[in-house]
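The values are calculated or read from the model by the stated rules, or taken from the named source; none is laboratory data. What you see is a predicted model, and the numbers here were worked out from it, not measured in a lab. Here the Cβ positions follow ideal geometry from the backbone for every residue, glycine too, while neighbour counts run over all protein chains shown. All accessible areas refer to the heavy atoms of the entire protein, side chains included, with ligands and DNA or RNA removed. Shrake-Rupley method; radii C 1.70, N 1.55, O 1.52, S 1.80 Å.
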Amino acid sequence: MFPREVISTGSLVLRAPVSGDAEAVVRACTDPVTARFLPLLPDPYELSDAHEYLRLAAAKWDGGGAEFTITENGQYLGAVGLTAPDRWETAAIGYLVAPWARGKGVASAAARAVTEWAVDRGVHRVELMAEVENVASLQVARKAGFTEEGRRRDVKRLRDGRRTDHIAFARLAHDSGEAVEPYLPFFDGGELSDGVVSLTPIEVGDAADVHRMLAEPSVAAYRVGPAGTLEDDERRCRYTGYWWVSGQRIELAVRDAATGAFAGHLQLAQVAPLAAQGMVGYSLLPDFRGRGFMTRAVRLLVDWAFAHTALHRIVAGTVVSNTASQAVLERAGFVRESVHRELFPNPDGSRADDIGWVRLRPSTSRKIPISG
């Protein structure tokens, strides 16, 4: 059973919830983002619901768990809590940050402080679950020193009935607790642009355009593997934030900067930190070809990667017959490096050669230490 104590961490004070928190709890829980990622909250959320939360918080303490209100200078910023430890000294953590306190490191600071407080009181393992689309929570887990352990498929149901995957994290008593720095940071301002094309993280709203593009015959001709359904492409779009946060890959929509129209897709995939290498891949809708869009897009992404990540090699592969893609790479500064014989399967059962391309980090680029 956890003792009812007050935790101080930096400018934050974590204390047991009190009746005076009720109105702030209502404001926090009626926020659309809060409601989106906490689907079990009542809707609409009213003052009576806040008082029921306060009753359950007190019962949680009585049952051996812990529930804290996060405050700064007396102002309510959110909540963080732990389940009662089980027989193996394992507890689960959860948190909520009010909209007026987001983007300030509140959740990661509170999660770190409560986890360390629990470890000091005999807990061996603290578990954290984050929905795959909850990029902010995924970032909190890493900043608070948690280690990703796996993915739980369709583990919870949202308000609209759709099931959603969650990413499992844990922090053990003997873990260092050091923040996990992102290998692939997000774009400053959320996009890259040269005034002609813009690159933005691909979203669920792009899924129909992605699906239409992948089905276009000139794109499908170079696809490896079976075609996916629209549902498959929607699921892929839902994962893009998680892939980026976890350093696996970056999935981007290529847009006409003047209109915002979806023009194509660009990715930085197969990211290998130890080799400091990543691979670009891309597709473009026919209506936007012949205007230099993809050359501009590839240049933007590769230049950004060399300026903001530890990547030293950016590679690409093209089927030997795909001369249009090869021209894009040449214009974007890539050089032909190798031929992989009979790498790609053809629909008729034969196999096609792959031409390998590479662009190396310029010697004048800022050096960024390699880390896992």
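What number, rounded to the nearest 500 deg cm²/dmol, is the helix-based mean residue ellipticity at 222 nm of the chain, given -39500 (n - 2.57) per DSSP H run of at least four residues and division by all its residues?
About -8500 deg cm²/dmol.
Calculate how steeply helix 106-120 sits against the longest principal axis of the alpha-carbon atoms of the chain, using the helix alpha-carbon long axis, and give the answer as 0 to 90 degrees to the nearest 10.
Helix 106-120 sits roughly 60 degrees off the main axis of the chain.
Counting only C-alpha contacts under 8 Å and six or more residues apart, can you give the relative contact order of region 227-372 as a whole percent?
Computed over region 227-372, the figure is 18 percent.
Obtain the nm distance between the two label points defined at ARG289 and GLN277 by a simple spin-label model: each point lies 7 Å from its Cα along the Cα-to-C-beta direction.
3.0
Label points 7 Å out from Cα along the Cβ direction at ALA58 and VAL33: separation in nm?
Calculated label separation equals 3.2 nm.
How high is the relative contact order of the chain, in percent, with contacts defined as C-alpha pairs under 8 Å that are six or more residues apart?
10
Around GLU178, what is the net charge, scoring Lys/Arg as +1 and Asp/Glu as -1 over all other residues with Cβ under 11 Å from its Cβ?
Here the count lands on +2.
Ordered by packing density, taken as the mean number of other Cβ atoms within 10 Å over each peptide's residues, highest first, how do 48-58, 250-260 rank?
Most protected by this proxy first, the peptides run 250-260, 48-58.
Out of (1) 21.6; (2) 18.8; (3) 17.5, which label holds the value of mean projected area of the Cα convex hull in nm² that was computed here?
(1)
Residues of region 258-372: accessible area per residue at 1.4 Å, in Å²?
Ligands and nucleic acids excluded, the figure is 51 Å² per residue.
Need one word for region 246-372: rounded, prolate or oblate. Basis is the Cα gyration tensor (sqrt eigenvalues a ≥ b ≥ c); a/c below 1.5 gives rounded, then a/b vs b/c decides.
Oblate shape, in that a/c is at least 1.5 and b/c is the bigger or equal ratio.
What is the distance in Å between the Cα centres of region 65-135 and region 273-334?
Value for the Cα centre distance between the two parts: 41 Å.
If R₀ is 22 angstrom, what is the calculated FRET efficiency for the pair ARG102 and GLU46, using the beta carbon separation as r and rounding to 0.05?
Calculated value: 0.45.
For the chain, with only Lys/Arg (+1) and Asp/Glu (-1) charged at the beta-carbon, what is the dipole magnitude about the Cα centre, in debye rounded to 20?
About 780 debye.
Restricting to Cα pairs below 8 Å that are 6+ residues apart, what does the relative contact order work out to for region 64-111? Please round to a whole percent.
On the way: 71 pairs, mean separation 14.8, N = 48.
Over region 64-111, the number comes to 31 percent.
Over every pair of different alpha-carbon atoms in region 1-76, take the mean of 1/r and invert it; report that Kirkwood radius in Å.
Over region 1-76, the inverse of the mean reciprocal pair distance is 13.2 Å.
Show me 297-303, 150-156, 103-109 ranked by packing, highest mean number of other Cβ atoms within 10 Å first.
By packing density, highest mean first, the sequence is 297-303, 103-109, 150-156.
Between GLN270 and ARG15, 0.36 nm times their residue separation minus their Cα-Cα distance comes to what?
87.3 nm
Please report, in whole Å³, the volume per residue of the convex hull around the C-alpha atoms of region 282-324. Could the numbers behind the result be given before it?
Numbers: hull volume 3.4 nm³, N = 43.
Hull volume normalised by residue count: 79 Å³.
Pop out the carbon and sulfur fraction of the accessible area of region 25-93 as a percent, whole number, probe 1.4 Å.
Carbon and sulfur atoms account for 57 percent of the accessible area of region 25-93.
Quick one: net charge around ILE355, please, counting Lys, Arg +1 and Asp, Glu -1 for every other residue with C-beta under 10 Å from its C-beta.
Values: positive: ARG336; negative: GLU337, ASP353, ASP354.
Overall, the nearby charge balance is -2.
Run the accessible area of region 163-288 with a 1.4 Å probe and give the carbon-and-sulfur part as a rounded percent.
Numbers: 2970 of 5690 Å².
That fraction is 52 percent.
Which of LEU82, VAL18, ASN322 sits farthest toward the positive end of the charge dipole of the chain, with +1 on the Cβ of Lys and Arg and -1 on the Cβ of Asp and Glu?
Working it through, the farthest residue towards the positive pole turns out to be ASN322.
At 0.36 nm per residue, and after removing the present C-alpha to C-alpha distance, how many nm does the segment from ALA258 to VAL335 gain when stretched out fully?
24.6 nm
For the pair SER176/ARG157, report the inter-label distance in nm, with labels modelled 7 Å from Cα in the Cβ direction.
So the two model labels end up 4.3 nm from each other.
Which length gain, in nm to one decimal place, applies between GLU231 and GLU191 when the Cα-Cα distance is subtracted from 0.36 nm times their residue separation?
Between GLU231 and GLU191, full extension yields an extra 11.8 nm.
Between TRP88 and VAL358, what's the calculated FRET efficiency when r is the beta-carbon distance and R0 is 41 Å? Round to 0.05.
That pair, TRP88 with VAL358, gives E of 0.25.
With a Cα-only, solvent-free Debye model of region 118-216, what are the log10 I(q)/I(0) values at q = 0.16 Å⁻¹?
Rounded to two decimals, the profile gives -0.91.
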